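Quick notes on the structure that follows.
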Amino acid sequence: DSRHRDRLIRAVDELTLDYVFPNHALDRKILGSIVTESTKAKYLYGLMQYRAENYECAESLWLELIEQDFPYSVLYRNLANYYYKIARNYPKAVELAEKGTGYTPANDHLFHILYWCYLELGLEERVPHLLERVAEIEDQTDACRRLQIDMLNHIGKHEEAVRILEETEFKVFEHDPADLV
């Protein structure tokens, strides 16, 4: 009924989206029933469609959110990643990744997408500026440091890459450590 439906929509709208991965048939049914009334439901339902490789549906849902300027970097990362890996539309991937860097949470994967797309598009002149942006990121993740090293090597600054390699204590797990959540 409408009273429960309104409570359901409010509950979804109050969710934090970080680390939420709906994956049950019940999730699909619930999110699908309120997808037109809730932007967060639309995003989450899109995740389920993307995972099911129903890319057209996910793209359609997520583009609606982009048009509404949905302020969540992971949306832009997911859609940019789709355009890079699946659709091979590198200019669109660049556009979305650039826009996504302005949203939270900070998402260094957007810089990976930009780098890969620049190489695919032959936009070598953009790599040094991207490298500067990556170098300015506070609290870099291991993935971010690896990207920085790759870019430095790509533009021939091997000694800088070695310096970062030597300064960084990378976390490498051949097997998952005990009690890793």
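The values are calculated or read from the model by the stated rules, or taken from the named source; none is laboratory data. Here the structure is a predicted model, which is why all the values come from computation and not from measurement. In this analysis, Cβ positions are derived from the backbone assuming ideal geometry, glycine residues included, and neighbour counts consider all displayed protein chains. Each accessible area value is taken on the protein alone, full model and side chains, heavy atoms only, with ligands, DNA and RNA left out. Shrake-Rupley method; radii C 1.70, N 1.55, O 1.52, S 1.80 Å.
Using a 1.4 Å probe on the protein heavy atoms, what percent of the accessible area of the chain belongs to carbon and sulfur? Write down the numbers at each step before the final one.
Working: 5510 of 11150 Å².
Exposed carbon and sulfur together represent 49 percent of the surface.
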Nearest 10 degrees, 0 to 90: helix 25-34 Cα axis against the chain principal axis: 80
Residue-normalised accessible area of the range 21-159, given per residue in Å² at a 1.4 Å probe: 52
3J(HN,Hα) from dihedral phi, the range 64-77, Karplus parametrisation 6.51/-1.76/1.60, rounded to Hz, x for glycine, proline: 4, 5, 4, 4, 8, 6, 4, x, 9, 4, 5, 4, 5, 4
Most fluctuating residue given options V127, V20, V74, as computed from a GNM of the chain linking Cα atoms under 10 Å: V20
For I137, net neighbour charge (Lys/Arg +1, Asp/Glu -1) across residues whose Cβ lies under 11 Å away: -3
Most mobile listed residue (R77, R163, R28) in the chain, GNM with C-alpha springs under 10 Å: R163
With Cα atoms, 0 to 90° folded angle of helix 109-121 axis to the chain main axis: 70
Rounded to the nearest 10 Å², the accessible area of T16 at probe 1.4 Å: 90
Cβ-based net charge around L147, under 12 Å, with every Lys or Arg adding one and every Asp or Glu removing one: 0
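With loop defined by DSSP as not H, G, I, E or B, and exposure as at most 11 other Cβ atoms within 10 Å, which is the longest segment of the chain clear of exposed GluC sites (Glu not before Pro)?
54-135
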Folded to 0 to 90 degrees: helix 158-167 orientation relative to the chain principal axis, Cα: 60
Per-residue ³J(HN,Hα) for the range 5-15, Karplus 6.51 cos²θ - 1.76 cosθ + 1.60, θ = phi - 60°, Hz, x for Gly and Pro: 4, 4, 5, 5, 4, 4, 4, 5, 5, 8, 5
In nm, spacing of pseudo-spin labels at L121 and I9 (7 Å Cα→C-beta vector): 3.8
In the chain, lysine pairs with alpha-carbon atoms under 20 angstrom apart (chain gap of 8 or more, or interchain): 5
GNM flexibility winner over the chain from V162, V12, V94 (Cα, springs under 10 Å): V162
Cα pair distances exceeding 25 angstrom across the chain, given as percent: 45
Interchain or long-range residues, amide H under 5 Å from T168's placed H: none
